[in-house]
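Working notes for the structure below.
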Amino acid sequence: MDENDEREVDRVIAGRFSSFRAGGDWQPDLRRGLAILTERRKARKRQTRLGVLAGAALAASLPILAFPMTTRAFAGRVASACVQETAAVRAFLLGRPSGSSAGNTYVKPGDRGIAPDFTLVDASGRRVTLSDYRGKVVLLNFWATWCSPCDREIPWFVQFQESNARRGFTVLGVSMDEGGWASVGPYIERKGVNYPVMIGNDEVAGLFGGKHFPMPLTLIIDRSGRIAAIHAGSCRKDEYESDINTVINER
């Protein structure tokens, strides 16, 4: 209820109080009645806020607790600072720290390392191996259905796939949902995902940072299979677009 509505309620109640006629042993006390009403309204708001916070905390903790121990460690970092997460992932993947912007870290060609290779199975049962995409620019996205930044980004990746496929570009998605295809299948169908999606595991998580693995984590991989950009945590659409175009235009 907004303040205008609350004032209207107060006005109506005040009118009702004033309509009482004096008589008998009880006399209405308008000030006291409104004071009690105000205090109860404040208490109700406090309870509502506490309930929302408790519900949010519970909702955040349940998916994390459902993960295996290794996966759970990085799942718990979903809301962590981008700066710390990107620095940790970069140091792990490239073997050296970086002072670059954490939300959108472009890696100069001379500093790039080969992306760890892996093979997973997509929704159709086809085996997908990262190194088979050499010669293309790949946006590799690690995500989960319960991750709200992931949910916001996936429609962007659908657009990137549509607009850049003819430019030698593809998106690959790796879901870290423990529920497997029962959770992921309906989600990607509802979102209209137009690129291969696989189910990840702790072994793959270990290749890309293990306990330092944030989510979402998106790597842009150049045509030689080297990591050209690291996007850890929630990033802007234009940051992705800038790195994608830069790496596609490299020769």
Original post:
How much space per residue, in cubic angstrom, does the convex hull of the C-alpha atoms of segment 181-245 take up?
Top reply: 126 Å³
Original post:
If we count other beta carbons within 10 Å of each Cβ, what is the order of TRP181, TRP146, TRP156, fewest first?
Top reply: TRP181, TRP156, TRP146
Original post:
Fewest first, what order do LYS237, LYS108 take by the number of other Cβ atoms within 10 Å?
Top reply: LYS108, LYS237
Original post:
Using alpha carbon centroids, what distance separates segment 130-188 and segment 205-251, in Å?
Top reply: 12 Å
**OP:** Arrange the peptides 217-223, 158-164 so that the one whose residues have, on average, the most other Cβ atoms within 10 Å appears first.
**Re:** 217-223, 158-164
**OP:** Mind running the shape call on segment 113-251? Use the C-alpha gyration tensor, a ≥ b ≥ c as the square roots of the eigenvalues: rounded below 1.5 for a/c, prolate if a/b tops b/c, oblate otherwise.
**Re:** rounded
Subject >> Packing-based order for 192-198, 115-121, using average beta carbon neighbours within 10 Å, highest first >> reply: 192-198, 115-121
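Bear in mind these aren't lab numbers, they're just calculated from the coordinates by the rules spelled out. Small disclaimer: the values here were computed from a predicted structure and weren't measured. As a convention, Cβ positions derive from the backbone with ideal geometry for all residues, glycine included, and neighbour counts pool all protein chains shown.
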